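Here the structure is laid out as structure tokens; the discussion comes afterwards.
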Amino acid sequence: MVFIKSGIFTMGSEDGATDEKPLHEVTVKSFFMDKTEVTNEQFAEFVKATNYVTLAERPLTAKELPGLLPEFEGKSVSLCYRPPKGAVDLRDALQWWAPVIGANWRHPDGPETDIIGKEKHPVVHVCWDDAQAYCKWAGKRLPTEAEWEFAARGGKEKARYIWGNEFSPNGKWMANTWQGKFPHENTGEDGFKGLAPAGSFQANGYGLFDMAGNVWEWCSDWYLPDYYAKSPKENPPGPTTSFDPDEPGVMKHSTRGGSWMCSDSYCRGYRPSARMKTSPDTGLANTGFRCVKDVETK
């Protein structure tokens, strides 16, 4: 883990989405943060020690999930990326996401795949509850959005990206993101057409890897689009409730950092201020997490 010293920073962005506004000053107390996203081998140690079964590995039932399609009854299912043949409406994510029977953290792209040789890749297909279970076992916790953004910025106040204001300085790729026309053309110019081993790109100013791209990372906060207008100035814990105007009635937690699927034409989630929201029972092929730990005081 890396020690993140307490400090004050400006949270949010003036040129980002509405939920990144307003800019506001936040004080964050000191904490420790994992250098990288939790990897497959680390998660495997947790599973071996606890016999934990992730939500994506548990069979679905229509009783627990009303409206479940008959072909998924009694099966374990998770969402994987499946490229369309050509350009599609970017407002419809189901054009490139597909429910895959047998996809989970052990089989990240479906039952015919595995994690042999991918031990250093970030674990995926973990929902918020799965991440919480790992944190409890490890004696850690998930970061708040404020802690996450403070750490991601690495001391670069108000910078557009975690490394500065230019996306690709001198033509150098700084994170595992999407190159080409999303979602059907992935050129892999940064060296990867999917997940990259944790730590494949340069660390930020605090020595943290992959705070941009690779996989989205769960935070502890519930998601509210207007939370910044009323959040506390010191160590904001996140709201006590959630609301997503795109899906009213579905409680969601915040995720941060973007993933290998983020492109300039789509989500730009690799910016440190960018916010995403996901229901806590959802695991995806591009979502993982990292942990933080409080500094013990005598």
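The values are calculated or read from the model by the stated rules, or taken from the named source; none is laboratory data. Source: prediction; values computed, not measured. Reconstructed Cβ throughout: ideal geometry from the backbone, glycine too, with neighbour counts over all protein chains shown.
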Hey, any hits in segment 281-296 for a residue that's surrounded by fewer than 18 Cβ atoms within 10 Å (Cβ to Cβ), of a type outside the set (Ser, Thr, Tyr) and within 17 Å of the chain's Cα centre (by Cα)?
yes
Single match in Ser220, Ser265 (criterion: hydroxyl-bearing (Ser, Thr, Tyr) and more than 14 Å from the chain's Cα centre (by Cα))
Ser265
Ala146 passes all but one of (1) in a loop (DSSP other than H, G, I, E, B); (2) touching a residue at least 40 places away in the same chain (Cβ under 8 Å); (3) not basic (Lys, Arg); which number fails?
(1)
Inside segment 251-280, the number of residues satisfying the requirement of being in a loop (DSSP other than H, G, I, E, B) and either under 14 Å from Cys219 (Cα atoms) or touching a strand residue (DSSP E or B) at 6+ places or on another chain (Cβ under 8 Å) (or both) is 17
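Yes/no per residue for (1) in contact with a Pro (Cβ under 9 Å, 6 or more places away or on another chain); (2) assigned to a loop (DSSP other than H, G, I, E, B):
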position: Ala159; (1), (2): yes, yes
position: Asn170; (1), (2): no, no
position: Glu189; (1), (2): no, yes
position: Lys193; (1), (2): no, yes
position: Ala203; (1), (2): no, yes
position: Trp218; (1), (2): yes, no
position: Pro237; (1), (2): no, yes
position: Ser242; (1), (2): no, yes
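Against the condition of a type outside the set (A, V, I, L, M) and exposed (fewer than 11 other Cβ atoms within 10 Å of the Cβ), how does Lys63 come out, does it pass?
On the way: of a type outside the set (A, V, I, L, M): yes; exposed (fewer than 11 other Cβ atoms within 10 Å of the Cβ): yes.
Answer is yes for this residue.
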Take the residues in segment 144-200 that are charged (D, E, K, R) and under 21 Å from Ile8 (Cβ atoms); name whichever of them is surrounded by the fewest Cβ atoms within 10 Å (Cβ to Cβ).
Glu157
Among the candidates Ala93, Ala62, Ala44, Ala17, single out the residue that is at pLDDT below 95, out of contact with any strand residue (DSSP E or B) (no Cβ under 8 Å at 6 or more places or on another chain) and within 26 Å of Asn176 (Cα to Cα).
Ala93
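I need the strands (runs of 3 or more DSSP E) fully contained in segment 14-105, keeping only those with at least 3 residues that are of a type outside the set (Asp, Glu) and either touching a Ser or Thr at 6+ places or on another chain (Cβ under 8 Å) or free of Cβ contacts under 8 Å to residues at least 24 places away in the same chain (or both).
24-28, 97-101
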Total residues in segment 121-143, condition in contact with a helix residue (DSSP H, G or I) (Cβ under 9 Å, 6 or more places away or on another chain) and either part of a helix (DSSP H, G or I) or surrounded by fewer than 24 Cβ atoms within 10 Å (Cβ to Cβ) (or both)
11
Considering residues that are surrounded by 14 or more Cβ atoms within 10 Å (Cβ to Cβ) and either closer than 21 Å to Tyr161 by Cβ or within 18 Å of the chain's Cα centre (by Cα) (or both), the number found within segment 24-40 is 11
